Amino acid sequence: MKIKIATRSLPKTPSKKGLEPGAWVDQDTAILVFHGIGNQRPIETLDTFARGLVGVYLNEAKHDRDALILEHRIAVKGGEGGRKWFENFVRFRCKDREHHIDVYEYFWAHHPEDQVSLNDLQKWVEHTANGAKEFYDQQQFSEKHGDSSVFVEDGKFNAARYRRTMFVAVQLVPALTRMVAAVLNFARHIPWVGRLAFAQLEKLRETALCQLTNVAGDVVAYNTMDEKARLFEIRTRVLNGAVDALRYLIEPQKVAGSPDKQRQYDRVIIAAHSLGTQISFDAINRFSHLISQGEIEGVDRNGNLTGAAGAPKKPVAEVLAGYATFGSPLDKIAFFFRDRSRKEAYLRRQILEHFHCFKEKDWGDAQPDELPLQDGLKARFFHDIPWRNYFDCNDAVSGRLDYYANVENINCHFVNHPAGEKIGWRARLWPFTHSYYWESEAMYADIVGNLVHRSSKAVAREEAA
């Protein structure tokens, strides 16, 4: 039984009727791609996303193969101690066109690799499960935002389903660990074949369980919020690297042959998959605070680009101008891992709301007698940028994003079973793989048509038409 992938099933935005033949960007544009969980290798994400764009420009925009020019480039970046290092990226050019598209990847998988043990994983799951009772008294949170997750049924939070799910989760990892240890110990004492059986099972543990802990370990390491914990340093390195990647694309950089720094790109688009959506989301939030504190070169504290005296002010949101997420667990992260405060700790709650300001709805439960805390951070510079979230109902990781503002949710409908078709047991057990998004030309075309090509000039032309 083969599962069919519907690569042309994404709905089009009503204002877009697909890419016109010969469509190209009218400003220099960068796309920063974040990979998700799994055993990732450097440049794989760059390769996959860039090939997706090639398919769009050849098949959707109908460019001739000899007119579409791809170039391997390197970006020279500064490291610790003043050392320089190089980052690979791919430049898209179109013959006889002025502007280009540069595609970068943010690779972070090496930070948590082999750093999370099964014991770490078990403790983290238990800690998450221990917080379950807090949800039973906070049903209003899911109901208020129209949560469409599996834990909400007919608009009501299903506490029993949540308890069952967390029970399975908290029992599965330790049970698996104990089972493997018991089998290994038993195999060691089998006459004649004991040594061989033990060696094979030990190899299985080192591969299968190692992969399990590495994949799950990405989630555990990045969602360790206790600053005293060993894994918190991994989260810090991952997030700092993401912010640095953004700074490189938006801040003015030195240009060869010129003493002055220049801004490289008119527009920057972020595209992120799976856990990479959480990392990129946090990076945009952190970037906003750096702007409000005057820490981003070329941007003032009010979020306006600095330039020649007398030039019209241009908001930084016209540069970091689009966000695409696919296979995103951000709603589940909001539901399970958000930092909750006691009702009487209303100042702490408001501080957290002000700090985590990017696209979040009002998550608080304000009490009538509490005093409002004025938001002096003024860091909501990217609240209105276009955000397109691609999900699939068969994807256990992703889903609609109901807890965030100004998001357009798009159901990809990847797995289609024709009416009357018998579904094999394997398809029932594993109907969806989290990597389908990377294979969808329709998703890439939607990102290009609605984000990459949607510059301020293009918007002005659409409004005039």
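The values are calculated or read from the model by the stated rules, or taken from the named source; none is laboratory data. None of these values were measured; they are calculated from a predicted model. Backbone-built Cβ (ideal geometry, glycine too); neighbour counts: all protein chains shown. Please note that ligands, DNA and RNA were not included when accessible areas were found on the heavy atoms of the full protein model with its side chains. Shrake-Rupley method; radii C 1.70, N 1.55, O 1.52, S 1.80 Å.
Before moving on, here are some points about what is shown:
- Of all residues making up the stretch 34-57, the number that are part of a helix (DSSP H, G or I) and either under 17 Å from the mean Cα position of the chain (by Cα) or under 14 Å from residue 434 (Cα atoms) (or both): 5
- Among the residues of this structure, residue 86 does not count as one that is in contact (Cβ under 8 Å) with a residue 24 or more places away in the chain, touching a strand residue (DSSP E or B) at 6+ places or on another chain (Cβ under 7 Å) and not charged (D, E, K, R).
- Here residue 83 meets each of (1) more than 21 Å from residue 44 (Cα to Cα); (2) surrounded by 11 or more Cβ atoms within 10 Å (Cβ to Cβ) with one exception, condition (2).
- Some residue of the stretch 424-435 being at pLDDT 75 or above and surrounded by 21 or more Cβ atoms within 10 Å (Cβ to Cβ): no
- For residue 254, the conditions (1) closer than 15 Å to residue 76 by Cα; (2) open to solvent by less than 60 Å² (accessible area, probe 1.4 Å); (3) without any contact (Cβ under 8 Å) to a residue 12 or more places away in the chain are fulfilled apart from (2).
- Residues of the stretch 25-41 satisfying the condition of being farther than 25 Å from residue 68 by Cβ and open to solvent by 10 Å² or more (accessible area, probe 1.4 Å): 37, 38, 39, 40, 41
- All positions within the stretch 95-125 that are touching a helix residue (DSSP H, G or I) at 6+ places or on another chain (Cβ under 8 Å) and part of a strand (DSSP E or B): 101, 103, 104, 105, 106
- Residue 303 being open to solvent by less than 70 Å² (accessible area, probe 1.4 Å) and at pLDDT below 95: yes
- Test: residue in the stretch 318-326 that is open to solvent by less than 60 Å² (accessible area, probe 1.4 Å), at pLDDT below 95 and out of contact with any strand residue (DSSP E or B) (no Cβ under 8 Å at 6 or more places or on another chain): no
- Residue 61 modelled with pLDDT of 85 or more, farther than 27 Å from residue 453 by Cα, open to solvent by less than 20 Å² (accessible area, probe 1.4 Å) and in contact with a Pro (Cβ under 9 Å, 6 or more places away or on another chain): no
The rows are residues; the columns are (1) open to solvent by less than 10 Å² (accessible area, probe 1.4 Å); (2) more than 21 Å from the chain's Cα centre (by Cα); (3) of a type in the set (Ser, Thr, Tyr).
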residue: 366; (1), (2), (3): no, yes, no
residue: 371; (1), (2), (3): no, yes, no
residue: 377; (1), (2), (3): no, yes, no
residue: 381; (1), (2), (3): no, no, no
residue: 386; (1), (2), (3): no, no, no
residue: 390; (1), (2), (3): yes, no, yes
residue: 397; (1), (2), (3): no, no, no
residue: 401; (1), (2), (3): yes, no, no
residue: 407; (1), (2), (3): no, no, no
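- Residue selected from the stretch 259-278 under the condition open to solvent by 40 Å² or more (accessible area, probe 1.4 Å) and of a type outside the set (D, E, K, R), by the criterion farthest from residue 76 (Cα to Cα): 259
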